[in-house]
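Below you'll find the structure, written out as structure tokens, and then a few comments.
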Amino acid sequence: MSGTGVSPRKFLFGMTRSELARIMQELGEPAFRGAQLADAMYRQRIEELTAITTLSKTLRERLTEENWAVGRPRIAQVFRSVDGTERYLVEGQAGADTVETVWMPEGDEGESGDGSEAGDEEVATGRPATAPGVRASLRRNRATLCISSQVGCAVNCQFCLTARLGLQRNLTPGEIAGQAVAVLARQAVEIGRDRVNLVFMGMGEPFLNYENFMAAVRLLVEEIGLSPQRMTVSTSGIVPGIQKFALEPPEVRPKLAISLNAPNNELRSEIMPINRKWPIEALVDAVRAVRLRPRERVTFEYVLLGGVTDRPEHARQVARLVRRTGLPAKVNLIAWNPGPGVPYSTPDPDAVDNFKRSLAGEGIAAYLRRPRGRDIYAACGQLKRTVEQAGPVPLV
Ligand code: SAH
Ligand code: SF4
């Protein structure tokens, strides 16, 4: 804000405990004040500096005078689907642009069916997390939270609405982790009691914003208390990113999902131009270097494009391809979700069913991801900061 004499605000949200301790020490305060700040922002989910009463009033005033603010991303708009899914437009720390975050109260099934979640079905209540009249003490959330890593995306997959935005900017670690904290606060999630899966499958390609994405994961695990085994990152196949990811320690490494989306290089290059740079073989080699935890599987996502990638011979090719990788793997099928001006069609329900059966028949674990929130443009590949509803659903 040059010319106004006002210095830009500095944000505490997104910093680690030790970075916060250093700032406190620079102000002549003891280092443990940093831990108090971290607890207030990340555990108690306090949004305003003035409300952090573990710090003295004088210190809070001093921080404000020096232009410090919490700066947690803020939910600016909410769209609610008939199926209970909520899509949020979340304002970044600078407040100038928004990203999309999605809350799916009963998960999306695509993330279940995983060995690490055995027993899930018994605890599913089938009740929306925020159902009126359900006392908080009786409620047990079982939800999936989908967060964004970039504003827009540079990868240009032909079937994806987010691609139409192009890449506008990378999100900061605070903006990535902050989407989760803002929604956990809205949904009154209790870490440890509620079962929340987190997927990095919103806008953007996490592995093209690698350092910020991993810094956010560390915050989510170390400060916010989520388990990396309940997190899944999806990549379109950025090989150098997967290679770095393979070196991450298991305590902070989410599970991995690869957007395969086609049965062979020819078709994949057509619908995902990135495949010309890193074809399927290079991709699989990179994935092999990731040391999986016991019972962990790699997910291959496969978007079924009507008449293009949903034929019976494609299913057989996918089965062969997945088997040849030798990896413990499962396939998540996603029926293509439409978007204005995207030249594909939704697959025929019979084709989807046959595809799934065919994979299962070849011994491949295959799950169909239930489309969530299509009426509010919240489903996979529909995130484009749309402010209209697709159907006549009232805003809440
Ligand atoms: N950029 C990352 C993560 C976000 S996309 C990636 O591509 O993996 C999350 C998933 O949605 C990907 O598997 C992608 O292939 C899928 N997807 C994109 N557009 C879609 C659409 N229109 N319908 C269904 N799935 C779509
Ligand atoms: Fe980007 Fe993923 Fe969409 Fe491809 S599918 S354009 S990588 S968000």
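What follows draws every value from the coordinates through simple rules; no lab data is involved. Just so you know, these numbers come straight off a predicted model, no measurement behind them. Because the Cβ atoms are built from the backbone with ideal geometry, glycine has one as well, and the counts that use them run over all protein chains shown.
At-a-glance table
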quantity: Gyration tensor (Cα) of the range 244-391, equivalent ellipsoid semi-axes in angstrom; calculated: 26, 20, 16
quantity: Kyte-Doolittle at least -0.5, axis length at least 15 Å by Cα - qualifying DSSP helices, the chain; calculated: 173-186
quantity: FRET efficiency for ALA51 and VAL82, using Cβ-Cβ distance with R0 set to 41 Å, rounded to 0.05; calculated: 0.70
quantity: Convex hull (Cα only) mean projected area of the chain, reported in nm² to one decimal; calculated: 21.0
quantity: Any cysteine of the chain lacking a neighbouring Cys Cβ under 4.7 Å - listed by number; calculated: CYS146, CYS153, CYS380
quantity: Computed Rg/Rh of the range 241-306, alpha carbon atoms with Kirkwood Rh; calculated: 1.01
quantity: Burial ranking of peptide ranges 170-177, 235-242, 65-72 (average Cβ count within 10 Å, highest at the top); calculated: 170-177, 235-242, 65-72
quantity: Contact order relative to length of the range 155-242, as percent, for alpha carbon pairs under 8 angstrom and 6 or more apart; calculated: 35
quantity: Net dipole in debye of the range 136-256 [+1 Lys, Arg Cβ; -1 Asp, Glu Cβ; about Cα centre; nearest 20]; calculated: 440
quantity: Net dipole in debye of the chain [+1 Lys, Arg Cβ; -1 Asp, Glu Cβ; about Cα centre; nearest 20]; calculated: 360
quantity: Selection from PRO312, ALA257, MET272, by position along the positive dipole direction of the range 239-340 (Cβ); calculated: ALA257
quantity: Cα principal axis extents for the range 157-311, largest first, Å; calculated: 46, 34, 28
quantity: DSSP bridge pairs, the chain: antiparallel proportion in percent, nearest 5; calculated: 40
